[in-house]
Every structure is written in structure tokens, then in C-alpha cells.
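Have a look at the structure below before the remarks.
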Amino acid sequence: MSLMLNDRFASMPWDSIDSVVFDIGNVLMVFDPDAMLQILFPDEEELKARLMERVFHSPYWVMLDHGTLSPVEAARAMAGDDEAFREDVLHLLDHWTELTQPIDEGVKAMETARAHGKKIYLLSNYNDVFFSRTQKRHAYLRDESVDGMVISAHEKTMKPGAEIYHLLEKKYGLIPERTLFIDDAPANIEGALSVGWQGIWYIPGTLDHFFAC
């Protein structure tokens, strides 16, 4: 039976880890669709509910992350024949990345791991266009700030499938049992554990406690 790292140790076993791999959304950066919709479409309750369902909860959002749809193609699919609604969808897709903010706990964990001499990687389900925009806003997500990354839309494969974890391993020569993955989705941690990685399921406070040393 595979256990998460923080269920086996009271504090970070730095000697057992070479590489720390971070998810982005809700680990290093806040991804809060409700808050985004409130900012972009204040006082439009019916429209916000429709956008939540047709954008963030739709299969087309997954296809964006998978890299099989562009934002323009996705907006067309999400809105159907409703041209006025399509403009609202495009507005949301064009501007949500401007509203993202760092999660201090996650960024601090990156810095702590780096201070302990560990390699830092990113592994995220993310659309390529949206990721490029997000990198421009957040320096800690840029190529020069980490040792490497695999983004789902670039590779046309997604977590929690085993292929994307193996891609990161092969690309950077990671040793599975000495690789720690941090993600907010239990299914993605299960995926990491299934390929022999270590894992921490991120909930607020997890990293401040475990990375304290």
C-alpha cells in the first residue's frame, strides 16, 4: 500500500528526496473560478452560473488543458449558436489569467526546497495559451526559475494518466522513488504514487508545516 510522504514522516525527509515537482493551480497559484466570475461579471448571477457550467465545468475546458482545442475553438463549442454568449465566453477566456495570484505557502515551499539543494519542476494540466499568459505574470513559473516542466497541452497528455509522469522522468532523468509530487487533486497524487513517486496532497497549511525545516 502506497502512503503519502507526510503520512509516513513527521517532517520533510530531505535526504530521501532529490526532486520536488509542483502542480500549479491551487498549489502555486490561486485558481478560483467563482472569484474570477465575480470580478469579470459582477451582479450578473444568471450569466455567472451559465459561464461556470459551460466553461469551467464543461468537457471543452478539459480539451483546452489537453491541447486539443484552442481558446477560440473552445469558445465556439461552449457557446454554440448564441453569439452574444460567445462574446462573454471569449471575454472570460481572454482575461481570467490576469486575475491569478500566487499562493505564498506554495512559493515558499519552492524556495525552501531550492535552499535544500533540490531540483524544482512543474507538472500541470494547463492550456498552452493560458500558461504562456500566466508565465508572463508570474516569474516563479518561468523556464529560468525552475529546472524543468511538463505542461499537458504541450504534450497532449494529462494527469492522472501515467504517461505524463513518465514524460517528466525521462525528460529530466528523475528517479521515481526520490521524486516528490505536490498536487491539490487526490487523483493526481494517486497517479504519482502509482508510478513510484512520493506524494503530498496539498491542502492549506500542509506545506507550511511540512516544509518548516
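The values are calculated or read from the model by the stated rules, or taken from the named source; none is laboratory data. Here the structure is a predicted model, which is why all the values come from computation and not from measurement. Counting neighbours? That spans all protein chains shown, and the Cβs are built from the backbone with ideal geometry, glycine included.
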Yes/no for LEU123 being outside the structural domain of TRP197 (by TED's automatic domain parsing) and modelled with pLDDT of 95 or more: no
Where LYS159 falls short, out of the listed (1) under 27 Å from MET1 (Cβ atoms); (2) of a type in the set (D, E, K, R); (3) more than 13 Å from the chain's Cα centre (by Cα): (3)
Return the residue satisfying two criteria in turn: it lies in the range 72-106 and is among the acidic types (Asp, Glu) and touching a residue at least 12 places away in the same chain (Cβ under 8 Å), and of such residues it is surrounded by the most Cβ atoms within 10 Å (Cβ to Cβ). ASP88
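Return yes when LEU69 is surrounded by 18 or more Cβ atoms within 10 Å (Cβ to Cβ), assigned to a loop (DSSP other than H, G, I, E, B) and of a type in the set (A, V, I, L, M) and no when it is not.
Criteria met by LEU69.
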Sort through ASP7, ASP18, ASP43 and tell me the only one that's within 30 Å of ALA109 (Cα to Cα) and out of contact with any helix residue (DSSP H, G or I) (no Cβ under 8 Å at 6 or more places or on another chain). ASP7
When ALA109 is evaluated against the numbered criteria (1) in the same structural domain as ARG137 (by TED's automatic domain parsing); (2) modelled with pLDDT under 95, which criterion, by number, is the only one it fails? (2)
Yes or no: ASP34 among the acidic types (Asp, Glu), within 30 Å of GLU53 (Cα to Cα) and in contact with a Ser or Thr (Cβ under 7 Å, 6 or more places away or on another chain)? no
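Let's see how each residue does on (1) over 17 Å from ASN26 (Cβ atoms); (2) part of a strand (DSSP E or B); (3) aliphatic (A, V, I, L, M):
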site	(1), (2), (3)
ALA75	yes, no, yes
ALA84	yes, no, yes
GLU87	yes, no, no
LEU92	yes, no, yes
VAL107	no, no, yes
MET110	no, no, yes
ALA113	yes, no, yes
TYR126	no, no, no
THR134	no, no, no
Residue count, the range 113-155, condition among the polar types (S, T, N, Q), surrounded by fewer than 19 Cβ atoms within 10 Å (Cβ to Cβ) and under 28 Å from SER11 (Cα atoms), comes to 1
Within the range 165-213, can you find the residues that are surrounded by fewer than 23 Cβ atoms within 10 Å (Cβ to Cβ), assigned to a helix (DSSP H, G or I) and of a type in the set (Val, Ile, Thr)? THR206
